[in-house]
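Each remark here refers to the structure printed beneath this line.
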Amino acid sequence: MRDGKKRGYPRFWDAVANRDLTSMIKECARDGLPKRNKAIQDMLRKLKNVRY
């Protein structure tokens with residue numbers, strides 16, 4: 001996998017590395033992509049309810 005920090009989303013990739021779903025949800029929002037943002041945020045919210 002390529003280093004996400006080089007692609008410009010360091011806080012999101014730090015949240016992924018730390019398995020911090022709340023921060024991932026917050027950081028996945030991007031200007032100009034409201035449908036995509038909501039779909040990704042909804043998917044991540046569902047993961048918060050999964051026990052692993």
Per DSSP H run of n ≥ 4, the term is -39500 (n - 2.57); total these for the chain, divide by its residue number, and report the mean residue ellipticity at 222 nm rounded to 500 deg cm²/dmol.
-> -17000 deg cm²/dmol
Relative contact order (percent, whole number), the chain, Cα cutoff 8 Å, 6+ residue spacing | 26
Options (i) 6.6; (ii) 4.0; (iii) 4.8 for mean projected area of the Cα convex hull in nm²; the value derived from the coordinates is listed as (ii)
Loop sites only, by DSSP: take the trypsin sites (Lys or Arg not before Pro) in the chain that have at most 10 other C-beta atoms within 10 Å and name the longest stretch containing none of them.
-> 20-50
Here the range 34-42 yields Karplus 3J(HN,Hα) values (6.51, -1.76, 1.60; θ = phi - 60°; whole Hz; Gly and Pro given as x) of x, 5, 5, 4, 5, 4, 5, 5, 4
Roll a 1.4 Å probe over the protein chains and send me the accessible area per residue for the chain in Å².
-> 88
From phi via Karplus (6.51, -1.76, 1.60), per-residue ³J(HN,Hα) for the range 12-28 in Hz, x at Gly/Pro = 4, 5, 5, 5, 4, 4, 8, 6, 9, 5, 4, 5, 4, 4, 5, 7, 7
Share of the chain's accessible area from carbon and sulfur, percent, 1.4 Å?
-> 53
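The values are calculated or read from the model by the stated rules, or taken from the named source; none is laboratory data. Quantities reported herein were computed from a predicted structural model and do not represent experimental measurements. Positions of Cβ are backbone-derived with ideal geometry, glycine not excepted, and every protein chain shown enters the neighbour counts. The protein model used for the area step is the full one, side chains on, heavy atoms only, and it has no ligands, DNA or RNA in it. Shrake-Rupley method; radii C 1.70, N 1.55, O 1.52, S 1.80 Å.
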